[in-house]
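Input: a single structure, listed below in structure tokens.
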Amino acid sequence: MITLTNADKAQILEKKSLLLNILDVDGVPLPIVSKEMWNKIYNFQAKSDDLILATYPKSGTTWMQEILDMIQNDGDVAKCKRANSLERHPFLEISFPHKEKYGVDIAIEMPSPQILKTHLPSHLIPPSIWKQKCKVIYVARNAKDCLVSYYHFHRMTSLLPDPQSWEEFLIVFLTPAVAYGSWYDHVKGWWDAKDKHHILYVFYEDIKKNPKCTIHKVLEFLEKTLPEESINKIVYHTSFDVMKENPMANQTSLPSYIYDDTISKFLRKGMPADWKNHFTVTMNEKFDEHYKKKMAGTTLTFCTEI
Ligand code: PPS
């Protein structure tokens, strides 16, 4: 099924052209309204104390955002409930239809130190981020769970096209005709970038396995210390079950025409290996074959279950 026929490709290209506000930048489909807006994003002037949170979509961005906000606010839960996570940290390249301002415009106005969220691949990051030697935290999640989560996200959001069937979306993901392009290029690009820049590369599965250990790594990277009591509070407040009930983190405050959580929740399953509930044996074999080819030659490895 993953072997693409010409008819498959034509169908996918047709779907790609149906994506709303998708701009092809250097071969990567980005959900950006215009070339002018892209120029503004690419020329964004970062400040040296901006902290960048970069991820491929559905890799645990919102989770790490909550962890970072809790760290920045010394474990003060009330402060972290000051606004929806989308308001707390500008999303560099995104404009939400219910908002007047673009992420980059909010970022320009936001007082320092700020946390900036992005799904951009490493080679499309505004160069000022590297020039200012900003710290970057990259969260990566295994491809199978990312794909499943992205599929359900496409179902529930009007920002992205209808994924059609699960089988069809799997092909679209691998083509790759999804927003932000290839998962492989994204995770490998950032993996290579970590040797040249100030990047902490974190895995979703590791946070799940041992959240405290990841929080310690993040603290060390940020050159910050917190009392054990605050760290315990962060572990609790950022656990899936607690975040799921937190309206400032679970995205239920967004209009339902943007995120329709009667179709699928934004905080949906929150665990590794949900792919097992979606992949057939044949799909899995084909996927593994494709994966092996694409990941050949990299030292980057992932856990697909914990
Ligand atoms: S987005 O739209 O790209 O910003 O989405 P993102 O936040 O990167 O990813 C959403 C998935 O992360 C899961 N999530 C969590 N998992 C475990 N623990 C916590 N606290 C947590 N918070 C968010 C969320 O449930 C989505 O994954 P799925 O597999 O769909 O549940």
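Every read-out reported here was derived from the displayed coordinates using simple, explicitly stated rules and does not represent laboratory data. Small disclaimer: the values here were computed from a predicted structure and weren't measured. All Cβ positions, even for glycine, are placed from backbone atoms using ideal geometry, and neighbour counts span all protein chains on display.
If you count the DSSP beta bridges with both ends in the chain, what percent of them are antiparallel, to the nearest 5?
Details: 4 of 19 bridges.
If we restrict to bridges inside the chain, about 20 percent are antiparallel.
Cα centroids of segment 153-170 and segment 18-74: how far apart, whole angstrom?
Segment 153-170 and segment 18-74 have Cα centres spaced 21 Å from each other.
Considering Cα pairs under 8 angstrom that are at least six residues apart, work out the relative contact order of the chain and quote it in whole percent.
Working: 408 pairs, mean separation 75.2, N = 306.
Relative contact order here is 25 percent.
Within segment 267-306, which trypsin sites (Lys or Arg not before Pro) sit in a loop by DSSP and count at most 15 neighbouring Cβ atoms inside 10 Å?
LYS269
Please say if the chain is rounded, prolate or oblate, where rounded means a/c under 1.5 for a ≥ b ≥ c the square roots of the C-alpha gyration tensor eigenvalues, and otherwise the choice is prolate for a/b larger than b/c and oblate otherwise? Could the numbers behind the result be given before it?
Details: a/c = 1.43, a/b = 1.29, b/c = 1.11.
Rounded, because the longest to shortest axis ratio a/c is under 1.5.
What longest range of the chain stays clear of loop-exposed GluC sites (Glu not before Pro) (DSSP non-H/G/I/E/B, at most 15 other C-beta within 10 angstrom)? Walk me through the numbers on the way to the answer.
Values: sites that count: GLU100, GLU223, GLU245, GLU305.
After excluding every exposed loop site, the longest remaining stretch is 101-222.
If you keep only loop residues by DSSP, which trypsin sites (Lys or Arg not before Pro) in segment 172-247 have at most 10 other Cβ atoms within 10 Å of their Cβ? Each step should come with its number before you reach the end.
On the way: sites: LYS188, LYS194, LYS196, LYS208, LYS209, LYS212, LYS217, LYS224, LYS233, LYS244; in loops: LYS194, LYS196, LYS224.
Sites meeting the loop and neighbour criteria: LYS196.
Given points 7 Å out from each Cα along the Cα-Cβ axis, report the ASN277 to GLN164 separation in nanometres with one decimal.
2.5 nm
Quick check: the angle from helix 143-156's long axis to the longest principal axis of the chain, C-alpha only, nearest 10 degrees?
90 degrees
Relative to the longest principal axis of the chain, what angle (0 to 90°, nearest 10) does the C-alpha long axis of helix 281-294 take?
The angle comes out near 70 degrees.
Arrange the following residues from fewest to most other Cβ atoms within 10 Å of their Cβ: CYS213, CYS134, CYS80. Write down the numbers at each step before the final one.
Values: CYS213 11, CYS134 21, CYS80 24.
Ascending number of Cβ neighbours within 10 Å: CYS213, CYS134, CYS80.
Could you tell me how many degrees, from 0 to 90 and to the nearest 10, lie between the Cα long axis of helix 6-18 and the main elongation axis, the longest principal axis, of the Cα atoms of the chain?
That works out to roughly 40 degrees.
Going by how many other Cβ atoms sit within 10 Å of their own, how do LEU120, LEU86 line up, fewest first? Present the calculation step by step, with values, prior to reporting the outcome.
Values: LEU120 25, LEU86 21.
In order of increasing Cβ crowding within 10 Å: LEU86, LEU120.
Using alpha-carbon positions, what is the distance between the centroids of segment 105-119 and segment 243-306, in Å?
Here the answer is 27 Å between Cα centres.
Using only DSSP helix segments of four residues or longer, with each worth -39500 (n - 2.57), what per-residue ellipticity at 222 nm results for the chain after dividing by its residue count and rounding to 500?
On the way: 15 runs with 133 residues, N = 306.
Computed mean residue ellipticity for the chain: -12000 deg cm²/dmol.
Measuring from label point to label point, each 7 Å out along Cα→Cβ, what is the VAL77 to LEU300 span in nm?
In this crude label model, VAL77 to LEU300 measures out at 3.6 nm.
Which one, ALA107, ILE125, MET156, projects farthest toward the positive side of the charge dipole computed for the chain from Cβ point charges (K/R +1, D/E -1)?
Result: ILE125, furthest along the dipole toward the positive end.
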